[in-house]
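Data block below; observations after.
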Amino acid sequence: LRVDGQAVTGTTYTSYQEPVERLLGLEVRGERSSLVQRTALQASLGVTSARRQTGEGQAEHMERMSDDARAAMAEEEGEAADRDLRRFLTLVIGKLILGTRGDPVSCRCLPLLEDLSSVGNYTWGAALLAHLFESLGTSSRVTGVAGFLPLLQVWAYYHLPSLGRGVARRRGAVPLLQRWRFCRDERSLRRQVTMIHDAMDTIPFGHVQWTPYVGEDDATQPWVERGRPYFGRDIWLHCYNTVVPLHHRLVTDWTVRVREQLDDWEQRGKEVVSEATSDEDYYRAYARRYGAQLDPEGRIASLEGVLHSTIQQRDDLQDVVDQLRGELERAQQMVGGASSSREDPGCSVLEGQLAAAAARAEDPLVQLREREQELRTALARTTVLEAEMAELRLRPEAAEATRWRQEEEAAAARWQQDAEEAVRLRAEAGDLRTQLGEERHRSDMLRSEMRGLERALALVGRSRSVTSRSGIPSRSAGHYLTGSSGRRRNEEEERRRRERAPEGSETGPRVMAPPSPRPPEGTGESG
């Protein structure tokens, strides 16, 4: 895998359903997903199962899978062959090079596979390294890591030979992993991990191979030779939305390295102002600004992918044309500076060839520019249409929101009425409690009077028996008891009048009438 060339980056989408259906003929796991089922992808390549059969060696296993794949793709050509190639590249890149935890396969690489002729120009090796770096930084509670782990294995074989995890077997073989044989360990995995932890915590400085690749012959590894300009540098590695630094210096002055980000912090960032005054206005502005994210059919995403690929082709072809023109100018200068007595025929032929090559390269460049302009026009038109569709989708939502507001106002009015009714009912309940207290007081007074009458009747009965024996008229006792009962009633009525009389009333206390005088003895009627 090369580490020189174009960075593996671009646009990532919320949903990859449209490019997966269009370029692979498959479906993603969910509406907002970038994963496809591994089994479905393998089945589309004619390799339903990648497991070895009983007693099958590695060579036999590879030969069987290759035969199955060839049989499935033998008679396909044109668009069908391109689709199968994209399926294979998606499986290799999404599951092997940039693999994720779990069984499904990521298809985020599809926008870069739109133009199959440019797939080899990307730095898939640097992307692999960035993806592996990012995965190694996950939480220790995660049971597995993503990425191409054989790269991590062979790195440990070279840099940490004292761990004894690999044994050299084939010197000079490439790729480098073929030079090693993995040491099998029959101990439990937990025991092996514990031993590796202990060994790495106590490994001496001198047991680390800091420069294991010194003396390697680049002639046998052309991909290494092409990547030499990138070696020994602090550089950022790119893998879609993952951008991680590769540091060779152990000490970094971050105040210099991230000066732009520090200036942004000191300036308190950039203010983001929204003119929206409601949720509806905000959604409309969002739809106008980010139309691609509101593209349920994937039309805008597809046009953006094609446009991006066209721009890349245009830039590459422009570089070729510029190189040819530069060579042509140098050839013309050589011809102009040659001897006037005899013209060099070799320079003339070279000049003619360069001119013809430049002319041939300019024709497709003009076509690509026209294609780019057509795509930009189509993208702008599609974006406007999607925004209008979003407006249409918003209209029933706005009407629904208006209806909700009206229902909310009606409910608030009903709540106000219920609250006023509750206040009125509480006031009436207070009045009723007051009346109930008064009635209870009256009933207590009546019971008290009843008990007094009962005692008076008992006294009357006793007084009659005494009168009959002593000759005292019984009427005198009756008048006394009647007068005593009348005084109690008069006192109770006066107390109630005082309680009911308002402040400032002229009604004052009344003088209680004296009890009736006893009649002269001997004039009373007999009982």
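For the reader, a short list of remarks on this structure follows.
- Among the residues of this structure, residue 170 counts as one that is free of Cβ contacts under 8 Å to residues at least 12 places away in the same chain and over 30 Å from residue 86 (Cβ atoms).
- Pairs with Cβ under 6 Å, 6+ apart, first in region 348-371 and in contact (Cβ under 8 Å) with a residue 60 or more places away in the chain and open to solvent by 100 Å² or more (accessible area, probe 1.4 Å), second among the small types (Gly, Ala, Ser) and part of a helix (DSSP H, G or I): none
Residue by residue, here is whether (1) in contact with a Gly (Cβ under 8 Å, 6 or more places away or on another chain); (2) of a type in the set (D, E, K, R); (3) at pLDDT 75 or above holds:
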site	(1), (2), (3)
351	no, yes, no
368	no, no, yes
371	no, yes, yes
396	no, no, no
402	no, no, no
406	no, no, yes
424	no, yes, yes
433	no, yes, no
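- Options 110, 91, 128; residue that is over 30 Å from residue 225 (Cβ atoms) and at pLDDT 90 or above: 110
- Cβ-Cβ distances below 6 Å connect the following pairs, each with a first residue in region 92-118 that is among the charged types (D, E, K, R), a second residue that is surrounded by 23 or more Cβ atoms within 10 Å (Cβ to Cβ), and a separation of six or more residues or different chains: 95/105; 108/34; 114/305.
- Evaluation of residue 227 against (1) in contact (Cβ under 8 Å) with a residue 40 or more places away in the chain; (2) touching a Leu at 6+ places or on another chain (Cβ under 7 Å) (one fails), failing number: (2)
- Selected residue (only one of 195, 200 is touching a residue at least 40 places away in the same chain (Cβ under 8 Å) and part of a helix (DSSP H, G or I)): 200
- Residue 72 assigned to a helix (DSSP H, G or I), modelled with pLDDT under 80 and either aliphatic (A, V, I, L, M) or open to solvent by 40 Å² or more (accessible area, probe 1.4 Å) (or both): yes
- Among the residues making up region 160-180, those that are surrounded by fewer than 16 Cβ atoms within 10 Å (Cβ to Cβ) and part of a helix (DSSP H, G or I) are 162, 177, 178.
- The residue list 185, 115 contains one member that is under 30 Å from residue 78 (Cα atoms) and among the acidic types (Asp, Glu), which is 115.
- Within region 231-245, the set of residues being more than 20 Å from residue 147 (Cβ to Cβ) and either among the aliphatic types (A, V, I, L, M) or surrounded by 11 or more Cβ atoms within 10 Å (Cβ to Cβ) (or both) comprises 231, 234.
- Region 75-87: number of residues that are open to solvent by 60 Å² or more (accessible area, probe 1.4 Å) and in contact with a helix residue (DSSP H, G or I) (Cβ under 8 Å, 6 or more places away or on another chain): 4
- Tally of residues being open to solvent by 100 Å² or more (accessible area, probe 1.4 Å), over 39 Å from the mean Cα position of the chain (by Cα) and of a type in the set (A, V, I, L, M, F, W, C) across region 181-215: 3
- Scanning region 47-58 for residues that are part of a helix (DSSP H, G or I) and either under 30 Å from residue 233 (Cα atoms) or at pLDDT below 85 (or both) turns up at least one hit.
- Pairs, first touching a residue at least 40 places away in the same chain (Cβ under 8 Å) in region 42-64, second surrounded by 14 or more Cβ atoms within 10 Å (Cβ to Cβ) and among the charged types (D, E, K, R), C-beta under 6 Å, six or more apart: 44/87; 45/87
- For region 12-45, a tally of residues being farther than 15 Å from residue 92 by Cα, open to solvent by less than 80 Å² (accessible area, probe 1.4 Å) and either in a loop (DSSP other than H, G, I, E, B) or not assigned by the TED database to the domain that holds residue 72 (or both) returns 11.
- Scanning region 499-510 for any residue that is at pLDDT below 70 and surrounded by 12 or more Cβ atoms within 10 Å (Cβ to Cβ) turns up at least one such residue.
- Restricting attention to region 94-107, the residues that are open to solvent by 10 Å² or more (accessible area, probe 1.4 Å) and modelled with pLDDT under 85 total 4.
The values are calculated or read from the model by the stated rules, or taken from the named source; none is laboratory data. Model, not experiment: these values are computed from the prediction. Cβ atoms come from the backbone with ideal geometry, glycine included; neighbour counts cover every protein chain shown. The accessibility values were calculated without ligands, DNA or RNA, using every heavy atom of the protein model including side chains. Shrake-Rupley method; radii C 1.70, N 1.55, O 1.52, S 1.80 Å.
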